[in-house]
Amino acid sequence: MRTIVIHATVLTVNETNEVIYDGAIAFENGVLTYVGPTPEAVDTYDEVIDAEGRIVMPGLVNTHGHTAMSLLRGYADDLPLQEWLETKMWPLEAQFTEEHVRWGTSLSIIEMLKTGTTTFVDMYDNMDMVAELVTASGMRARLCRGVIGLCSAEEQTKKLEEASAFAAKWNGTANGRIMTMMSPHGAYTCPPDYVERIVARAHELDLPVHIHMSETEWEVQQNVNDYGTRPVEHLEKLGVFNRPTLVAHAVHLTDEELDTLAKYDVKVSHNPISNLKLGSGIARVPEMMERGICVSLGTDSSASNNNLDLFEEMKMVALLHKGHRHNPVLVPATEALRMATIYGAEAVFMDDQIGSLEVGKQADFIVLDSHSVFFQPKHDPISHVVYAASGRDVKDVYVQGTQLIKDGKCLTMDETAVIENANRMFEKLEKK
Ligand SMILES: [Zn+2]
């Protein structure tokens, strides 16, 4: 089946951030076969979609999160990270069964799709369930079973085996839409020898590593107290960065630590809203950009955000660093857009497949209703997408050429049932 979308404003996010007015994209077998001006003759196509005046752009890439935690959205706000984790999140998460993960993740998948995210990273447990939901929903994901090593040696080994079995089983499945990683949760939750074992397994399986790093000052100080080094040097010594690595947060970094991340080409998932909400601080994104470090965007979970609308993250990253540094030229709109798309694709090591609309890449794209007031006057569409739009402007979503959202409605999952069951599972949790 050969499909062409015509008369659209196409944001390619290619090397030159080219915008094509009255543009078209065509695809076959899930792969883009044409990106350019609307051709005069389209009768060679099986399906012609008229997107008159609408914006067509790459699907967004959310590079850090814990989708099942959407069940805890709004349960505990306005607390410091450590207290929030230890007294609120962990006691409830300890009660999570596969059923909780099923409905929490389903809720997240529908929310992400409806707000234009087509690829997401998930670090959690019960990941077989997550992978099954990704498969059924038609979405794309980079998944890992996050392991916390604050337990007995037997338990550590059990978790490591579970994480590697998951990673080996699912990598490249769902027609290539699911890729995996190995994930020590953090340096403060995994003893050094355990981190080394996880990294060794990542080498064996030839997979990237995903880890939380330097999110709070407390965590950095704890690392110094326990191991005599700050987290970046600590993880470097443990060999983590010898694997392709994606770190979440990277808020508290020295110049030397930034240089180390640049040296190893470590990718960063910047989670500005979660970092602000938990009072963790503001990552040194301008310095990362100066050093050529790949900065992508993540929401973290809905328990600390409290939604998964990556448009909010895009606007936040464009504003936050301007305000913080008293410098309005920092993180321009084009860079914010790239962070949510092509840099996101780089951060999950899939930029040869996704992140921009270019011939040969996967047909993962979203269509925004640019007839609404937020896009008037019709002027700079990149500015409107970053500064004026929200995820609620997304009308249609395609992954690998298959339509998953049509006029704002999810075609692959039953939204009413998901909402009902998510509430039912939340009610079942025993609150303190
Ligand atoms: Zn996280």
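The values are calculated or read from the model by the stated rules, or taken from the named source; none is laboratory data. Bear in mind that the values here come from a model prediction, so they are computed numbers and not experimental data. Here Cβ is always computed from backbone atoms with ideal geometry, including for glycine, and neighbour counts include all displayed protein chains. Remember, those area values only see protein heavy atoms, side chains included, never the ligands or the DNA or RNA. Shrake-Rupley method; radii C 1.70, N 1.55, O 1.52, S 1.80 Å.
A few points about this structure:
- Among the residues here, Lys267 qualifies as more than 30 Å from Leu92 (Cβ to Cβ), within 16 Å of the ligand (Cβ to nearest atom) and either touching an Asp or Glu at 6+ places or on another chain (Cβ under 9 Å) or open to solvent by less than 60 Å² (accessible area, probe 1.4 Å) (or both).
- Only one entry of Ser304, Ser274, Ser269 meets the criterion of being without any contact (Cβ under 8 Å) to a residue 60 or more places away in the chain, among the small types (Gly, Ala, Ser), assigned by the TED database to the domain that holds Gly172 and within 21 Å of Asp122 (Cα to Cα), and that entry is Ser274.
- Some residue of region 47-56 being small (Gly, Ala, Ser) and exposed (fewer than 13 other Cβ atoms within 10 Å of the Cβ): no
- Summed over region 25-81, the residues that are at pLDDT below 95, within 21 Å of Ala389 (Cβ to Cβ) and within 16 Å of the ligand (Cβ to nearest atom) give a count of 0.
- Among the residues of region 291-321, those identified as in a loop (DSSP other than H, G, I, E, B) and either of a type in the set (Ser, Thr, Tyr) or within 16 Å of the ligand (Cβ to nearest atom) (or both) are Gly298, Thr299, Asp300, Ser301, Asn305, Asn306, Asn307, Leu308.
- Selection of region 135-161 for residues being farther than 19 Å from Ser106 by Cβ and surrounded by fewer than 16 Cβ atoms within 10 Å (Cβ to Cβ) yields Leu150, Cys151, Ser152, Ala153, Glu154, Glu155, Thr157, Lys158, Glu161.
- Cβ separations smaller than 8 Å between residues 6+ apart or across chains give the following pairs from region 91-106 residues that are closer than 10 Å to Thr67 by Cα and open to solvent by less than 60 Å² (accessible area, probe 1.4 Å) to residues that are part of a helix (DSSP H, G or I) and β-branched (Val, Ile, Thr): Val101/Val130; Trp103/Val418; Gly104/Thr67; Thr105/Thr67; Thr105/Val130; Ser106/Val418.
- Qualifying residue in region 110-128 (condition: closer than 26 Å to Leu235 by Cβ, part of a helix (DSSP H, G or I) and among the aliphatic types (A, V, I, L, M)): yes
- Qualifying residues in region 249-264 (those that are away from the ligand (no atom under 16 Å from the Cβ) and of a type in the set (Val, Ile, Thr)) - the one nearest to Ala345 (Cα to Cα): Thr260
- Test: residue in region 75-89 that is surrounded by 22 or more Cβ atoms within 10 Å (Cβ to Cβ), in contact (Cβ under 8 Å) with a residue 40 or more places away in the chain and either touching a helix residue (DSSP H, G or I) at 6+ places or on another chain (Cβ under 7 Å) or polar (S, T, N, Q) (or both): no
- Of all residues in region 118-144 being more than 16 Å from the ligand (Cβ to nearest atom) and of a type in the set (Ser, Thr, Tyr), the one that is nearest to the chain's Cα centre (by Cα): Thr119
- Answer from Lys315, Lys378 - the residue that is open to solvent by 10 Å² or more (accessible area, probe 1.4 Å), in contact with a His (Cβ under 9 Å, 6 or more places away or on another chain) and closer than 29 Å to Asp396 by Cβ: Lys378
- Qualifying residue in region 176-188 (condition: away from the ligand (no atom under 16 Å from the Cβ), open to solvent by 30 Å² or more (accessible area, probe 1.4 Å) and touching a helix residue (DSSP H, G or I) at 6+ places or on another chain (Cβ under 8 Å)): no
- Selection within region 207-222 - within 16 Å of the ligand (Cβ to nearest atom) and surrounded by fewer than 16 Cβ atoms within 10 Å (Cβ to Cβ): Trp218
- Within region 331-351, if we keep just the residues that are farther than 15 Å from His270 by Cβ and part of a loop (DSSP other than H, G, I, E, B), the residue that is least open to solvent (accessible area, probe 1.4 Å) turns out to be Met350.
- Among (1) hydrophobic (A, V, I, L, M, F, W, C); (2) surrounded by 15 or more Cβ atoms within 10 Å (Cβ to Cβ); (3) in a helix (DSSP H, G or I), the one test that Ala417 misses: (2)
- Given (1) open to solvent by less than 10 Å² (accessible area, probe 1.4 Å); (2) under 20 Å from His66 (Cβ atoms); (3) in contact (Cβ under 8 Å) with a residue 40 or more places away in the chain, index of the condition Val199 fails: (2)
Residues are listed down the side, and each one gets a yes or a no for (1) assigned to a helix (DSSP H, G or I); (2) more than 15 Å from the ligand (Cβ to nearest atom):
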position	(1), (2)
Val224	yes, yes
Glu236	yes, yes
Val247	no, no
Ala283	no, no
Glu287	yes, yes
Val329	no, yes
